[in-house]
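Q: There's a structure below that I have some questions on.
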Amino acid sequence: MNTVRASAIGIFGGTFDPVHFGHLRAVLEAREKLQLDEFRLVPAGRPPHRALPVASAADRLAMLRLAVTGQPGMVVDDREIQRAGNSYMVDTLADIRQESGDVPLLLLVGQDAANSLDTWHDWKRIFKLAHLVVMRRPESRLRWTGELEECVKNRLTESPERLKEETAGFVLTLEVTQLAISSTGIRDILFAGQSPGYLLPDSIIDYIRENRLYFAGGAGKG
Ligand code: ATP
Ligand code: MG
């Protein structure tokens, strides 16, 4: 079908431990460049690919909610946290597809996440459910090889409009302002007793301090 659709939903998953300006700036730019009416931030409950998050699901969720306060069209989607067991993006996309019907879904990922997409659960099905938008991230290159390269090669497009004409299946790479900020770096700064100022919103820094998250003497340090 080649009719231009009115709406499209952007979806951005992550551990968000904690969410920071690298995430938020990338999402804002992607949203504007792709003209998305709705954008969902999806915190992972139990990420299958990595160590358990340091902050609790409730705290990561609360910090994300602070991040989107006053931002129209920005939604925190907590379904992976509510769901028992591992968080699989493919399940999340299937859910959202079922709820949203025939609307283009755009899964946004950072470049590092895109490079290892073929390690994600049932990854090929992702292209049946959504488009993939890869946002360029500092110190990271596209390294698609083997089956992933084969799969992506024929799906590449440079036109954001194409993503609105179909509901799923295209791959677009998008340049976003490169901010060399990571949650790991922020946690390390906090564990060292230093200030993470200007790396993430002040409201979230206040939340971290009030709740003693990422505190060297705290429970989260392990
Ligand atoms: P950690 O250091 O704990 O791995 P992180 O900062 O990489 O955290 P994640 O929650 O792992 O954040 O990442 C969620 C998504 O955000 C991924 O798709 C990742 O590629 C992307 N991302 C992370 N940091 C940035 C950044 N500075 N700019 C753009 N995208 C980013
Ligand atoms: Mg990461």
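Q: Consider A26 carefully, then state whether it is touching a strand residue (DSSP E or B) at 6+ places or on another chain (Cβ under 7 Å) and in a helix (DSSP H, G or I).
A: yes
Q: Just checking, which of R155, R143, R136, R162 is surrounded by fewer than 16 Cβ atoms within 10 Å (Cβ to Cβ) and under 18 Å from R31 (Cβ atoms)?
A: Criteria check complete, one pass: R162.
Q: Hey, could you check the stretch 67-84 for residues that are in contact (Cβ under 8 Å) with a residue 40 or more places away in the chain and surrounded by fewer than 18 Cβ atoms within 10 Å (Cβ to Cβ) and say which is farthest from the chain's Cα centre (by Cα)?
A: Across the stretch 67-84, the extreme among qualifying residues is T69.
Q: Inspect all residues belonging to the stretch 38-55 and state whether any of them is within 16 Å of ligand 2 (Cβ to nearest atom), part of a helix (DSSP H, G or I) and in contact with an Asp or Glu (Cβ under 7 Å, 6 or more places away or on another chain).
A: The answer is no, given that none of the residues of the stretch 38-55 is within 16 Å of ligand 2 (Cβ to nearest atom), part of a helix (DSSP H, G or I) and in contact with an Asp or Glu (Cβ under 7 Å, 6 or more places away or on another chain).
Q: Let me ask something else about it. Of the numbered conditions (1) at pLDDT below 95; (2) surrounded by fewer than 16 Cβ atoms within 10 Å (Cβ to Cβ); (3) within 16 Å of ligand 1 (Cβ to nearest atom), A192 fails exactly one; give the number of that condition.
A: Every listed condition holds for A192 apart from (1).
Q: Here is a follow-up. Looking at V27, V19, which one is modelled with pLDDT under 95, crowded, with 21+ Cβ neighbours inside 10 Å, of a type outside the set (D, E, K, R) and within 12 Å of ligand 1 (Cβ to nearest atom)?
A: On inspection, the qualifying residue turns out to be V27.
Q: Could you say whether any residue in the stretch 94-110 is surrounded by fewer than 21 Cβ atoms within 10 Å (Cβ to Cβ), within 16 Å of ligand 2 (Cβ to nearest atom), within 23 Å of R162 (Cβ to Cβ) and touching a residue at least 24 places away in the same chain (Cβ under 8 Å)?
A: Yes.
Q: Out of R209, R162, R187, which single residue is within 16 Å of ligand 1 (Cβ to nearest atom), of a type outside the set (A, V, I, L, M, F, W, C) and over 20 Å from Q111 (Cβ atoms)?
A: Going through R209, R162, R187 in turn, just one is within 16 Å of ligand 1 (Cβ to nearest atom), of a type outside the set (A, V, I, L, M, F, W, C) and over 20 Å from Q111 (Cβ atoms): R187.
Q: Need a quick list: helices (runs of 4 or more DSSP H) entirely within the stretch 111-222 having at least 3 residues that are touching a residue at least 60 places away in the same chain (Cβ under 8 Å) and away from ligand 2 (no atom under 16 Å from the Cβ).
A: Helices (runs of 4 or more DSSP H) meeting the threshold: 160-165, 202-210.
Q: Can you say whether L174 is modelled with pLDDT of 90 or more, within 30 Å of L132 (Cα to Cα) and within 16 Å of ligand 1 (Cβ to nearest atom), as far as the supplied structure shows?
A: So L174 fits the description; yes.
The values are calculated or read from the model by the stated rules, or taken from the named source; none is laboratory data. Owing to the predicted nature of the structure, the values given are computational and were not obtained by experimental measurement. As a convention, Cβ positions derive from the backbone with ideal geometry for all residues, glycine included, and neighbour counts pool all protein chains shown.
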